[in-house]
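**Q** Supplied in C-alpha cells, the structure appears directly below.
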Amino acid sequence: MTLKDFEASLKSDAPPASLSPLLLALWHDARGAWDRAHHITQDIETPEAAWIHAYLHRKEGDLSNARYWYRRANQPEATGSLESEWLRIVTALLH
C-alpha cells in the first residue's frame, strides 16, 4: 500500500482489511477515534507502537506521558505539527 492509497482509504467508512494493527491505529486516529487508536497500540510492545503511543499522548496533551513513550520508542520528542508527525509515522510503517 502506498501513502496515497492509505490516505485515500480514510474516506471509507471501514479500514482496508490488509492494514497492520499499527496502521489500523493510525487510520482510526485520523478519523477521530483516539480511544480506539490508543487501545490498539497499548497492547503492542514494539518501538513502533511506543512511537504511536507517544504521538497519541502528545495529541491528548499529556506531554509527560508522551515523553516516556518517546524514550521507549527511541525517538526524539516531536515538536512539529501533529499532522507532520502522523505522516512521518505512517510513512515509516509503510516502508
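None of the figures in this text is laboratory data; all of them are computed from the coordinates on show. Predicted model, so just to flag it, every value in this text is computed and none were measured. Here Cβ is always computed from backbone atoms with ideal geometry, including for glycine, and neighbour counts include all displayed protein chains.
**Q** Step by step: first the residues of the range 3-15, then only those that are under 16 Å from the mean Cα position of the chain (by Cα) and part of a loop (DSSP other than H, G, I, E, B), then the one that is farthest from ILE40 (Cα to Cα). Which residue is that?
**A** By that ranking, first place goes to LEU10.
**Q** Right, here's the next one. Of the residues that make up the range 56-70, is at least one under 25 Å from LYS4 (Cβ atoms) and part of a helix (DSSP H, G or I)?
**A** Yes, some residue in the range 56-70 is under 25 Å from LYS4 (Cβ atoms) and part of a helix (DSSP H, G or I).
**Q** From (1) within 17 Å of SER84 (Cβ to Cβ); (2) in a loop (DSSP other than H, G, I, E, B), pick out the condition that doesn't hold for GLU45.
**A** Looking at each condition in turn, GLU45 falls short on (1).
**Q** Considering the range 1-20 alone, what residues qualify as being among the hydroxyl-bearing types (Ser, Thr, Tyr) and more than 18 Å from TRP86 (Cα to Cα)?
**A** Passing the criteria: SER12, SER18.
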